[in-house]
Each structure stands twice: as C-alpha cells, then as structure tokens.
Amino acid sequence: MANRLKLTKKVKALFLERLRETCNVTMSCKAINITRRRIYYAKNAQPDFSDDWDAAIAEGTDMLESEARRRAVEGYEEPVFYKGEQVGVIRRYSDRMLELLLKGHLPEKYKDRVQHTGDAGVDVTEKALLAARKRASWREKEDKDKDEKDRKPLVN
C-alpha cells in the first residue's frame with residue numbers, strides 16, 4: 001500500500017509547479033490527475049517535499065502580491081464598448097488592493113481602529129450582548145403569549 005501512495009519525482013515536480021502558479025492544492029491536483037488525499041499523504045510523509053510545498057506556496061503568494069500591487073499602483077486596462085464594439089480602453093486602479101497592501105505591510109499604521117469601551121468602563125460589546133439577550137427574552141415571551149392565545153378555544 002505504501003508503494004501505491006508514493007509519488008515519483010516528476011509528478012511531485014509537476015504538482016509543485018502548478019502549486020506555484022495557483023497557490024491552490026485542489027487545482028494543482030486536478031492538473032496532474034492526482035487526489036488531494038494522496039498528495040497530502042506525501043506531504044506528511046516526506047519532509048523534503050513538505051519544505052518544497054511551503055516554498056511553492058510562498059513563491060505563489062509573492063506572485064499574487066505582485067499582481068495586487070500592479071493593479072493598485074500601475075492599474076489595468078478595461079475595454080470600453082459602444083453598440084457591441086470595443087471603442088477604446090480605460091485605465092482602472094484598485095484602491096481596495098492598495099488599502100490591503102498598506103494594511104499588510106504597515107499594520108501598526110493602517111489597521112482598523114475600534115475602541116470597545118463605554119460608560120463607567122463597561123465594555124460596549126458586553127452592553128450590546130445584554131441588550132440583545134433582553135430583546136430575545138422579550139420576543140420569546142411575546143411568542144409564548146401569542147401561542148397561548150391561539151390555543152384557547154373561542155367561547156360564543
């Protein structure tokens with residue numbers, strides 16, 4: 001059984017190449033016609049392959065980050081159509097990508113800042129939780145009263 005699950009160097013190299021390109025295990029497995037289970041077995045059983053896997057993911061992630069930066073800073077061309085025909089292009093930039101890159105590289109400066117304190121030092125989230133519980137309790141009581149009314153027979 002162990003031989004059946006062993007992968008050749010060529011198959012592993014093809015998998016790692018696809019993994020670098022996609023950063024997606026499922027897509028990489030499908031490209032070389034191998035199951036995820038089999039590839040994860042090899043990853044767990046072979047430390048060198050596991051290290052190569054991690055390196056492939058890191059390289060692929062760098063590529064994705066590079067593309068995000070390109071879209072944010074250099075922009076990308078989007079075709080413009082008029083009456084079904086392309087009449088030109090417009091350069092678009094991704095502000096959201098730029099925001100995410102800044103948050104990733106300088107989190108201390110660009111992180112989302114939320115203060116969760118309220119009156120007398122009570123945590124606002126705690127207050128919200130208590131208020132939600134009260135509303136739920138009130139709704140539950142209201143539903144129970146309604147059910148009891150519906151069950152009472154009408155007297156003529």
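The values are calculated or read from the model by the stated rules, or taken from the named source; none is laboratory data. Predicted model only: the values in this text are computed from it and were never measured. Cβ atoms come from the backbone with ideal geometry, glycine included; neighbour counts cover every protein chain shown.
Which members of the range 23-37 meet the condition of being surrounded by 16 or more Cβ atoms within 10 Å (Cβ to Cβ) and of a type in the set (Lys, Arg)? If the condition is that a residue be surrounded by 16 or more Cβ atoms within 10 Å (Cβ to Cβ) and of a type in the set (Lys, Arg), then no residue fits.
Every condition in (1) free of Cβ contacts under 8 Å to residues at least 24 places away in the same chain; (2) among the basic types (Lys, Arg); (3) surrounded by 14 or more Cβ atoms within 10 Å (Cβ to Cβ) holds for residue 92 except the one numbered (3). The C-beta contact set for the range 57-79 (first residue free of Cβ contacts under 8 Å to residues at least 24 places away in the same chain, second residue hydrophobic (A, V, I, L, M, F, W, C), distance under 8 angstrom, 6+ apart or interchain) comprises 77/89; 77/90; 78/89; 78/90; 79/89.
So which residues in the range 13-44 are among the β-branched types (Val, Ile, Thr) and part of a helix (DSSP H, G or I)?
Kept after step one, since they are among the β-branched types (Val, Ile, Thr), are these residues of the range 13-44: 22, 25-26, 32, 34-35, 39.
Correct list: 22, 25, 26, 32, 39.
The numbered conditions (1) at pLDDT 95 or above; (2) under 30 Å from residue 11 (Cβ atoms) are all true for residue 90 except (2). Take the residues in the range 18-44 that are touching a residue at least 24 places away in the same chain (Cβ under 8 Å) and farther than 25 Å from residue 104 by Cβ, then tell me which one is nearest to the chain's Cα centre (by Cα). Ranking the candidates gives 39 first. Inspect the range 57-71 for any residue being in contact with a helix residue (DSSP H, G or I) (Cβ under 8 Å, 6 or more places away or on another chain), exposed (fewer than 12 other Cβ atoms within 10 Å of the Cβ) and not hydrophobic (A, V, I, L, M, F, W, C) and give the result as yes or no. For the range 57-71, residues in contact with a helix residue (DSSP H, G or I) (Cβ under 8 Å, 6 or more places away or on another chain), exposed (fewer than 12 other Cβ atoms within 10 Å of the Cβ) and not hydrophobic (A, V, I, L, M, F, W, C): absent.
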